[in-house]
Every structure is written in structure tokens, then in C-alpha cells.
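The structure appears right after this line, and notes come after that.
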Amino acid sequence: MTTPAVHANFAAMPQSLYSIRMHATREGRHLSGAERLAPRSAVEALAAALVRRALEHPRGQADRLRLTVEAVPAETVRFAQLPDLRTVPVADYFVGRQAALRLLERAGVAPEAAAIAMQALAAGAAPEGVAMRGAMLVDAQTGARLEADPARGIRVSRMDLAASTETELGQGLRPLGLDNPHVREALLLAGKVLAAPAIVAELCWSDDPDYTAGYVAAPHLGYVRLPHLKPAGEERGGRAFFLRGGREELPALIDFLEKQPVLFDRLGALRGETLLEE
Ligand code: WAQ
Ligand code: MG
């Protein structure tokens, strides 16, 4: 009578997951990318949604689209809590960038390093002065760029909400007027970055011409939104991950950001507008 025992073991086994990643380009230039981590039963619908998104993107129509679907062993998944979220109101992107610099400084980034990284994002951090496909890695003391490929950068991947948190996050964001894919995806990405070793802070704003918001995230600050970090119509956006320590930290950090599967099964506090000093 071994069958029932085998059956019970099988039922208790965690469900296997798939990493689904999309990257779209036009004439070799980055248009959009996205990444999900989901059970097998959701893969087909998510893949279709990502293909549609690439074809309808505000940055233009893709002429090349790559979709990667990869099994992720369930036992490698780590569970984590999303960062706290709040919004600091700013009148325009000049004020927004000043506020971002102060937040980065408060998080432990040297003022020169923060200013250098912000200038690079504003100018288009890839070599031809356009948005990178991924993020810059920036030394939090010197502002030196540490990523090997300045066009690709580092792409954070293999993170998603656990099924149990999906509705809860919507319920928390909706009253704040923030239940949109930009906020959801950025909050998850920042959550994974903040869980990584040696990270001091992140600075981000969108590359979508009609989305001016961005954020500063740091372990003790959480995810601090700034509604304006660039002028409307601007396609140069990007991300900078500030890290402490030298190049010896890089392999473990990059491996975590790109490869470690993380599911968020707990929310942080979701707050509305707060002034910078709070
Ligand atoms: N890993 C690393 N860098 C990435 C990734 C990734 N998975 N995805 C995008 N990037 C980089 C890349 O340089 C993009 O050009 C840049 O970030 C912006 O990406 O609270 O929409 O997807 O209202 O356009 C932030 C504010 C929105 C949301 C960010 O970013 C809010 C956003 P986008
Ligand atoms: Mg974008």
C-alpha cells in the first residue's frame, strides 16, 4: 500500500514555475521588455499578453521580438516582502530630480555619484545616447559605472507576485490611483533589487514618452515615487543600481539580479502622498 503515500508526497510538492521574458526591438534599438514568473497553467496567456504589449508599445512598433520561456525549479524560489510605497508630490521634473538627489544622498549614495548617474540617465545611458535595455551598475561612492556592457546593462528577471498577493496589491493600489502595470512592475523590480546583496539604492524613470514618473528605492526608504522625473515626450529613461564595495561584489550581485527566482508573498505599507521630509 505505497500508493497513497506517494500520492500525498506528490500533492505536497511545490508547483513548478516558468520564467517568461519578452524583449522587443526596432532597428536594433530597445523598445520594451518584461518578465514574469508563473505556474505552467498561466504561461500561455501571459506569453500572449507580452506579445500584444510588444506590438502595441508607445515607443513604436517592434520589428523583432524575442520570447523566452524557461522552467524554474520550485525549490530554488525565494519568498520576499514588497517595499513600502509612497509618493512625494513634485511640481515638475526639475523639482523631481532635486528631490531624487536628496533621497539618494539620504540612502547613502555620495552626492557626486548620484549626480553623475542622473546625468547619464538624462543623456541616454547607452553609448548612442539612447535608453539602455537594462540597468547601470554604479559605485555609490565614486559614480563609476561597473556594468560590462553599457548598452545592455543588467536585466533584473525571474520575479513576480505570488498568486496570494495578486488581488491584495490591486486593492491596495487602486484607492491611490496607482493600479497600473508601470507601478506594479516597478515595485516588484525594486523589491528584487533591494533584496540583493551590496545594494545601496536604485534610481529609475520610465523610457515611455508618455510616462513621466520615476522613483528612488532604498532599504530604509522603501519605494518613493516622484510623479515627474522627466519632461513628457522624452524617451530617454533608465535605471541605476548603486552599490557599495568594489568589483569583487559584482558576480554574486549580477547572478542574484538576473537569475534568482523571487516571489513576493507579502505587501509593504502602501501610502499616498507624503512630503519629502516625512
Ligand atoms: N532590469 C533592469 N533594467 C530594466 C528592466 C529590467 N528588467 N526593465 C527596464 N529596465 C530599464 C531600461 O533601461 C528601461 O529603459 C528603463 O529601465 C525604464 O523601463 O511608480 O515604466 O519599463 O509610477 O519604461 C517607474 C515609476 C516606471 C512607476 C518605470 O520603466 C510609478 C518604467 P520602463
Ligand atoms: Mg518602458
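Being outside the structural domain of residue 29 (by TED's automatic domain parsing), open to solvent by 50 Å² or more (accessible area, probe 1.4 Å) and either near ligand 1 (Cβ under 10 Å from one of its atoms) or touching a Lys or Arg at 6+ places or on another chain (Cβ under 7 Å) (or both) is true for just one of 192, 259. Which residue is that?
Details: 192 fails: open to solvent by 50 Å² or more (accessible area, probe 1.4 Å).
Of 192, 259, the one residue that is outside the structural domain of residue 29 (by TED's automatic domain parsing), open to solvent by 50 Å² or more (accessible area, probe 1.4 Å) and either near ligand 1 (Cβ under 10 Å from one of its atoms) or touching a Lys or Arg at 6+ places or on another chain (Cβ under 7 Å) (or both) is 259.
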Residue within the stretch 219-232 that is farther than 15 Å from residue 86 by Cβ, near ligand 1 (Cβ under 10 Å from one of its atoms) and in contact with a Cys (Cβ under 9 Å, 6 or more places away or on another chain) present: yes
Filter pass, residue 212 being within 16 Å of ligand 2 (Cβ to nearest atom), in a loop (DSSP other than H, G, I, E, B) and either open to solvent by less than 10 Å² (accessible area, probe 1.4 Å) or modelled with pLDDT of 95 or more (or both): yes
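Residues are listed down the side, and each one gets a yes or a no for (1) open to solvent by less than 20 Å² (accessible area, probe 1.4 Å); (2) part of a helix (DSSP H, G or I); (3) of a type outside the set (Asp, Glu):
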residue: 38; (1), (2), (3): yes, no, yes
residue: 45; (1), (2), (3): no, yes, yes
residue: 52; (1), (2), (3): no, yes, yes
residue: 66; (1), (2), (3): no, no, yes
residue: 105; (1), (2), (3): no, yes, no
residue: 112; (1), (2), (3): no, yes, no
residue: 117; (1), (2), (3): yes, yes, yes
residue: 129; (1), (2), (3): no, no, yes
residue: 138; (1), (2), (3): yes, no, yes
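With of a type outside the set (Gly, Ala, Ser) and away from ligand 1 (no atom under 15 Å from the Cβ) as the only criterion, which of 128, 35, 105, 56 stands out? Explain how you work it out, then say what you get.
On the way: 128 fails: away from ligand 1 (no atom under 15 Å from the Cβ); 35 fails: away from ligand 1 (no atom under 15 Å from the Cβ); 56 fails: away from ligand 1 (no atom under 15 Å from the Cβ).
Exactly one residue qualifies, and that residue is 105.
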Residue check for residue 239: in contact with a Cys (Cβ under 6 Å, 6 or more places away or on another chain) and either crowded, with 18+ Cβ neighbours inside 10 Å or not assigned by TED's automatic domain parsing to the domain that holds residue 100 (or both): yes
Check on residue 244, assigned by TED's automatic domain parsing to the domain that holds residue 173, of a type outside the set (S, T, N, Q), open to solvent by 30 Å² or more (accessible area, probe 1.4 Å) and within 16 Å of ligand 2 (Cβ to nearest atom): no
Total residues in the stretch 73-91, condition within 16 Å of ligand 1 (Cβ to nearest atom) and either part of a strand (DSSP E or B) or more than 18 Å from residue 217 (Cα to Cα) (or both): 3
Residues being crowded, with 19+ Cβ neighbours inside 10 Å and either of a type in the set (Val, Ile, Thr) or at positive phi (or both) - total across the stretch 87-103: 3
Residue that is open to solvent by less than 30 Å² (accessible area, probe 1.4 Å) and within 10 Å of ligand 1 (Cβ to nearest atom), where the choices are 178, 169: 178
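The values are calculated or read from the model by the stated rules, or taken from the named source; none is laboratory data. Since the model is a prediction, treat every value here as computed from it, not as a measurement. As a convention, Cβ positions derive from the backbone with ideal geometry for all residues, glycine included, and neighbour counts pool all protein chains shown. For accessibility, only protein heavy atoms count, side chains too; no ligands or nucleic acids. Shrake-Rupley method; radii C 1.70, N 1.55, O 1.52, S 1.80 Å.
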